[in-house]
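For reference, the structure discussed in these notes is given below.
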Amino acid sequence: MRLRIPLTSLLLASLCAFAPAGHAAPPIPDLDISSTEAVAEEKAPEGDAADVGAWQSFNDSANKTFGKVNGFLAGFIFYDLFHTEDSAELTGVDFGTDPAAAVASMVAALEANGELDPLESNLTLKLPPGIMDKAGISALTTELKETYGQGSRGFAITVPEKDDEVVTTVTLAAYSPGVAFAVLWLVLGAIFFTVRMGFINIRGFKHALAITRGKYDNPDDEGEVSHFQALTSALSATVGLGNIAGVAIAISIGGPGATFWMICAGFLGMTSKFVECSLAQMYRVRRPDGRMMGGPMVYLSEGLKDVSSSLAGPGKVLAYFFAILCIGGSLAGGNAFQVNQSMGLMTKQFDFLTGNEWAYGLLMTVLVGIVIIGGIKRIAATAEKVVPLMCGIYVAACIFILVKMAGEIPGAFGTIFSGAFTPAAGFGGLVGVLVQGFKRAAFSNEAGTGSAAIAHSAAKTDYPIREGAVAMLGPFIDTVIICTMTALVIVITGAYDAQGGTDAAMQGAIATKEGAVLTSLAMGGVIPWFPKLLALAVFFFAYSTIISWSYYGERCWVWMFGDASSLAYKILFLVFVFLGSVVSAVNVLEFGDLMILGMALPNILGVVLLTGKVRVKLDEYWKSYEAGEFKTYD
């Protein structure tokens, strides 16, 4: 015990030392908080002018309100550590005569300062009020984005309003992003868990495969679903639009080298899943209605109390914090956003849906309702069919492309490895590539957020460590296999390179961060008919994500409000399914993604404190496993 306490304390002290400390957060130029990075299209439903006006007013108000909430949350969850800022004022050049030349002179001044590389930074041109009209600003923004807003760079022009900062001279502000606090929190937590558990993600991999295929499945074990069903239920919430869209954007921003770091993060995330899902099994309880209840809200409230009676109060606070975040994430990020983004891709491939978005929402609502009313058993039964189907379709297409272009694969891996360690931008570029890879993996497999632990807590087993081993296959399948296949397709087809001769459609997708469109275009260049099939696959990706997140949110809701409230949550959830097809307020939809990543804050803090208990269970289990004491059911 004396050895464990300093390790835990050291990690907590290191992580908390980086936390924001009560001051205003810097601007977050590239939140990348959605699983698709695509921007929702502003559309009002059809109807008479009064109804449309009222609906648009509602959307605008919701968007503005949630924009402020998101900004506040992002200031903590996405607090940008180790960032660099600089600015230059216009001198010696008349802005009105040649704005482009004026901006070029300020870029040169920033380069001379030496604080950062302005051509690899996010640039904001701040203009005094009245110097240029809206039409001129719009035209200038379009012109300058072609030079300063490609790839990893962002470019914007702002004219401060009355309540904003006072700008009296033309100023160019440069911002070079660092590492988002939440991403660092997830990565350091994963590294700690991997070392603390003796690299179980490697030495336990073969055993995890044997468990998943049913070798140790005892039908008399307590629980509701099999190991395989628990894994597919968890995978259905993580394998989704992020694998198709997010990877493409990560590579277009960070370059092919981001793929290497994404794979590394996937391996580390395996141990995060192992620890949190083992804890979910250790502290799960059977509710009066006969259903299992487990997950972070249970092990934070009950587990920390076991560590020390002084942690009972903080544990309860962390548990409620997690449950509230999970409910919010389930209604928006795991629900409405999935509907909204899948609908966007479907309408591009199937014209009859244009103008009938409400019908798509109604269909999705009915299909989701049929499944979620039946609870985890029906969700698991659906997931074990849908997940292999959708993964099979997508992986088969990737394999076809890779086989057809097999001669390009060695060069693609060479590009990936060289880009991981020797990016053109030097050390700053290396950090940027690493961050993009780790960030994409964190968003894709959700390791460390605690969501999958809720599904795995319902698995039939008498050995918590056994289910933890099954759970760690999730990040391997999601990130190491599926995300890597997407990455290879993007690299081999050259779709990621905005300056490397890709067509205008691909460049447009990169500029607007429409990752799913970029992936579709890359695959469509090799398989012309595939974009329509990909749209259908995206539908299943979204559908499976929604039904699994309904279970996560429902369990947290019931934990807070009691078993009798379950139906109320499910009705509320179905309302949000439909709203996802008609609400165009982007900030409302992105709010859920902030909530989902925020779940990692209380979860990892609690799991770090509970790792000692997991390690004891792991040592006991592994000793019995190596001695051949476990009965098999082949």
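The values are calculated or read from the model by the stated rules, or taken from the named source; none is laboratory data. Bear in mind the structure is a predicted one, so any value in this text is a computation, not a measurement. Counting neighbours? That spans all protein chains shown, and the Cβs are built from the backbone with ideal geometry, glycine included. Each accessible area value is taken on the protein alone, full model and side chains, heavy atoms only, with ligands, DNA and RNA left out. Shrake-Rupley method; radii C 1.70, N 1.55, O 1.52, S 1.80 Å.
Numbers below:
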read-out	value
For the range 90-120 and the range 354-371, distance of Cα centres in Å	51
Segments 203-216, 539-552, 304-317 sorted - mean Cβ within 10 Å per residue, highest first	539-552, 203-216, 304-317
Amide H partners (placed H, <5 Å) of F630, local residues excluded	none
From phi via Karplus (6.51, -1.76, 1.60), per-residue ³J(HN,Hα) for the range 349-363 in Hz, x at Gly/Pro	9, 10, 4, 5, 7, 5, x, 10, 4, 4, 5, 4, x, 5, 4
Built amide H within the under 5 Å cut-off of S87, gap 5+	A174
Accessible area of the range 259-363 belonging to carbon and sulfur atoms, whole % at 1.4 Å probe	67
Built amide H within the under 5 Å cut-off of A180, gap 5+	L81
Highest-first arrangement of 617-623, 458-464, 405-411, where packing means the average Cβ count within 10 Å	458-464, 617-623, 405-411
Rounded accessible area per residue of the range 97-216, 1.4 Å, Å²	47
With DNA, RNA and ligands ignored, accessible area of F417 (1.4 Å probe; Å², nearest 10)	100
Over 22 Å between alpha carbons, listed pairs K273/K532; K68/K348; K206/K460; K305/K617; K273/K613; K206/K617	K273/K532; K68/K348
